[in-house]
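A.B. asks: Dropping a structure here in C-alpha cells format, bear with me for questions.
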Amino acid sequence: KGLRGKEHRRAPRIPSQFSQEERVAMKETLKGAIQIPTVSFSPEELNTTALAEFGEYIHKVFPTVFKTSFIRHEAVGEYSHLFTVQGSDPSLQPYMLLAHIDVVPAPDEGWDVPPFSGLESDGFIYGRGTLDNKNSLMAILQALELLLIRNYIPRRSFFIALGHDEEVSGVNGAQKISALLQARGIQLAFIVDEGSFILDGFIPNLQKPFAMVSVSEKGAINLMLQVNMTPGHSSAPPKETSIGILAAAVSRLEQTPMPNMFGGGPLKMALQQLANEFPFPANIVLSNLWLFQPLVSRLMERNYITNALVRTTTALTMFNAGVKVNVIPPVAQATINFRIHPAQTVQEVLKLAKDIVADDRIQFHVLNAFDPLPVSPSDDQALGYQLLRQTIQSVFPEVNIVAPGTCIGNTDSRHYTNLTTGIYRFNPIYLQPQSFSSIHGINEKISVQAYETQVKFIFEFIQNADADPRPVPHLHEL
Ligand SMILES: CCCCCCCC/C=C\CCCCCCCC(=O)N[C@@H](CC(N)=O)C(=O)O
Ligand SMILES: [Zn+2]
Ligand SMILES: [Zn+2]
C-alpha cells in the first residue's frame, strides 16, 4: 500500500538536528515576528506600516533565502510574498506551502502579557499570531534557511506564498498570487496550508491525540438582513419597530439550527478510522455507523466544536439600529455569518434562512458567499496527503492515527483551487480545546519546543517531497 516506486534518493538526507545556537536564534526570530503588529481590521483597514516592516524583517532574519540564486522573491499586492524555489529536477511537479502574515486584532484586556510583546514565560512564547499563523510562516522560512545553510539543493520545485490579508478575505494577497501563477501556466501537485492540528482532548473518551489533515473546508455566507420602517416620535410608538421585527427574525434563525448533515464525507471516515482508539462501547458504536449513525450524529451536536462539523452554523455577529433615544429608528440591520457544511450549498442555505425568517418585511442582502471547498484526495496515491502522513509518522511517532477532516474555518488555500485538486490544511502542532480558544482569543501562545518541532517538520517535509516515492505503510499496520 502507499506510494509505490523505486527506493533510491539522489541527495543524501540532512538530519533534522539543530545546534543550541540555532535553536536560540530561531525562537528569538519568532518573537521578533510577533512584535510586529500586522493587524487586519477589515479589507480596507490593514496596518500597512507593520506589513511593510514585516517584509524588511524577513529579509533581515533569513538572508540566505533572499540571496540564493535558485530562489526568486516577488512582492505581490504590495505586502504579500511569493518565493519560487527552482528545483534541480524539472520533471517533478511543484508544490506550494502557504502561511499568512496578518493577524486579528488583540486588545490588551485579558492577556497575561501584552499581545504584541512576544514575551517568553514558562517555556511558551506569547502573542497574537503564535498559533495563527506566524508560527507556520516563520517555520517555513526558518526550515528553508537552515536547509540552504547546509547546502541543500531541492529536487522538486516549490512555492512559498505568504498572504497579507487572509484574516479579511485574501483578495489582495492569495487571490493575486493565484492569478499570477495561473497566468504563468503553473499547475501544482498539492498545497499545504494552516487549518488543522494534532487534536488532543476534543472528543470525549478518546484518550490519545490524533492528526487531522483537513481535505476540505466549509463554505460561508455573510448575510445582512435589513428592515426599513417609517421613523417617528418615540412617545407614540407603532406596534412593531424595525428593531423588534429584526430582533425576532434573527432570534428565529438562532433558535432554528440548520439540519444535521452527518453521514458522509471526511468526518465519517475519520470516526471510523478512530473507532479502535475508543474504549468499549464507543469502539463498537463507531465501527457500526450503519446502525448507530443517528445516535452518533446526536452526540456530535452536544459540543459546540463537534456541532460545527455536522451542520451549517448560524452566528449572529453584528446588529446596528437606532440614532437617538427618542426616535423610532428608520432602519435596523443585522449580519449573520453562516459556515456551510460540505453537503450543502449557498443557495440551499439561503432558501432555508428565508423559510425560517418567513417575513416579507425583511430584506436579504448577501454581502459575500462561497460554496464549501472540494474534497481533496486522501488515498494511497495522493502525494500531498501521503507526504504529510509520512512526515507526521517520523516527527510524531507517538501519534497513531492520521485522519482526513473538514476545516471549520476558512483559509487562504480556498483561492488556489484553480492550481491543484490537492489542498491539505495541517499545522504540525498539538492543539487542546483551550489553545483552540486562544486562536482569535486571549493568551495565544506556542511552546518553544512546539515551534522547534514545527521547524523540524518542515525541514523533513521538504526533503521527503524530494525523495523518490516509497511505500508508506498504514500506521495501524506497524
Ligand atoms: C472528530 C474531529 C473533532 C474535530 C475538532 C475540530 C477542532 C478544530 C480544530 C482546528 C480548527 C482551526 C481552524 C483554524 C483555521 C481558521 C483560519 C481563520 O481564522 N480564518 C478566518 C478568516 C478567513 N480566511 O475567512 C475565518 O473567519 O475563518
Ligand atoms: Zn490563520
Ligand atoms: Zn485567523
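Each value in this text was obtained by applying a stated rule to the coordinates, not by laboratory testing. For clarity, every value in this text was computed on a predicted model and none was experimentally measured. Don't worry about glycine lacking a Cβ; one is built from the backbone with ideal geometry, like all the others, and counts go over all protein chains shown.
A.B. asks: Taking the simple approach of a point 7 Å from Cα along Cα-to-Cβ for both ILE284 and ASN205, what is their distance in nm?
C.D. replies: Distance between label points: 1.1 nm.
A.B. asks: With +1 on each Lys and Arg Cβ and -1 on each Asp and Glu Cβ, and nothing else charged, work out how big the dipole of segment 47-148 is about its Cα centre, in Debye to the nearest 20.
C.D. replies: 460 debye
A.B. asks: Would you kindly state how much longer the chain becomes between TYR304 and HIS440 on full extension, computed as 0.36 nm times their sequence separation minus their alpha carbon distance, in nm to one decimal?
C.D. replies: 47.3 nm
A.B. asks: Among ILE328, PRO372, THR411, which residue has its Cα furthest toward the positive end of the charge dipole of segment 319-428, with +1 on Lys/Arg Cβ and -1 on Asp/Glu Cβ?
C.D. replies: ILE328
A.B. asks: Tell me, what is the percent relative contact order of segment 161-308, built from C-alpha pairs under 8 Å that lie six or more residues apart?
C.D. replies: Relative contact order for segment 161-308 comes out at 13 percent.
A.B. asks: If you put +1 on each Lys and Arg Cβ and -1 on each Asp and Glu Cβ, how big is the dipole of the chain around its Cα centre, in Debye rounded to 20?
C.D. replies: 1020 debye
A.B. asks: Nothing charged except the Cβ atoms of Lys and Arg (+1) and of Asp and Glu (-1): what's the magnitude of the dipole of segment 154-267 about its Cα centre? Round to the nearest 20 debye.
C.D. replies: So the dipole magnitude of segment 154-267 works out to roughly 340 debye.
A.B. asks: While we're looking at this one, here's another question. Measure out, as a whole number of angstrom, how far apart the alpha-carbon centroids of segment 225-262 and segment 335-369 sit.
C.D. replies: Centre-to-centre (Cα) distance: 15 Å.
A.B. asks: Compute the longest continuous run of the chain that contains no exposed trypsin sites (Lys or Arg not before Pro); treat a site as exposed when its DSSP state is not H, G, I, E or B and it has at most 16 other Cβ atoms within 10 Å.
C.D. replies: So the longest stretch without any such site is 14-149.
A.B. asks: Convex hull over the Cα atoms of segment 276-388, averaged projected area in nm²?
C.D. replies: So the Cα hull casts an average projection of 12.1 nm².
A.B. asks: I would also like to ask the following. With a 10 Å Cβ neighbour count serving as the proxy for reagent exposure, in which order, fewest first, do ILE125, ILE284 appear?
C.D. replies: With the sparsest Cβ surroundings first, the list reads ILE284, ILE125.
A.B. asks: Can you give the three extents of the C-alpha atoms in segment 364-478 along their principal axes, from longest to shortest, in whole Å?
C.D. replies: On the principal axes, segment 364-478 reaches 54, 36, 25 Å in Cα extent.
A.B. asks: Taking 0.36 nm per intervening residue step and subtracting the Cα-Cα distance, what contour gain separates ILE149 from ASN337 on full extension?
C.D. replies: My answer for the length gained is 63.1 nm.
A.B. asks: Right, another one. Before anything else, pin down the relative contact order of the chain: Cα pairs under 8 Å, at least 6 apart, normalised by residue count, whole percent.
C.D. replies: It rounds to 27 percent for the chain.
A.B. asks: Which percent, nearest 5, of DSSP beta bridges in the chain are antiparallel?
C.D. replies: In the chain, approximately 70 percent of DSSP beta bridges are antiparallel ones.
A.B. asks: May I ask you to sort GLU78, GLU145 by Cβ crowding, counting other Cβ atoms within 10 Å and putting the fewest first?
C.D. replies: GLU78, GLU145
A.B. asks: Work through the residues other than VAL399 whose Cβ is under 12 Å from its Cβ and net out their charges, Lys, Arg +1 and Asp, Glu -1.
C.D. replies: Surrounding charge for VAL399 is -1.
A.B. asks: Quick check: pseudo-label points 7 Å beyond the Cα along Cα→Cβ at PHE70 and LYS351, how many nm apart are they?
C.D. replies: Roughly 5.3 nm, to one decimal.
A.B. asks: Taking the Cβ-Cβ separation of GLN272 and ASP89 as r and a Förster radius of 35 Å, what is the calculated FRET efficiency to the nearest 0.05?
C.D. replies: Result of the calculation: an efficiency of 0.40.
A.B. asks: Note down the relative contact order for segment 36-181 as a percent, whole number, built from C-alpha pairs under 8 angstrom at least six residues apart.
C.D. replies: Computed value for segment 36-181: 34 percent relative contact order.
A.B. asks: Find the centroid of the Cα atoms in segment 132-178 and in segment 49-75, then give the distance between the two in whole Å.
C.D. replies: Each part reduced to its Cα centre gives a spacing of 11 Å.
A.B. asks: Could you pull out every one of the lysines with an alpha carbon less than 17 Å from that of LYS134, ignoring same-chain neighbours closer than 8 positions?
C.D. replies: Partners found: LYS27, LYS31, LYS60, LYS445, LYS456.
A.B. asks: Between ASP108 and LEU291, what is the label-point separation in nm under the 7 Å Cα-to-beta-carbon projection?
C.D. replies: Between LEU291 and ASP108, the simple spin-label model gives 6.1 nm.
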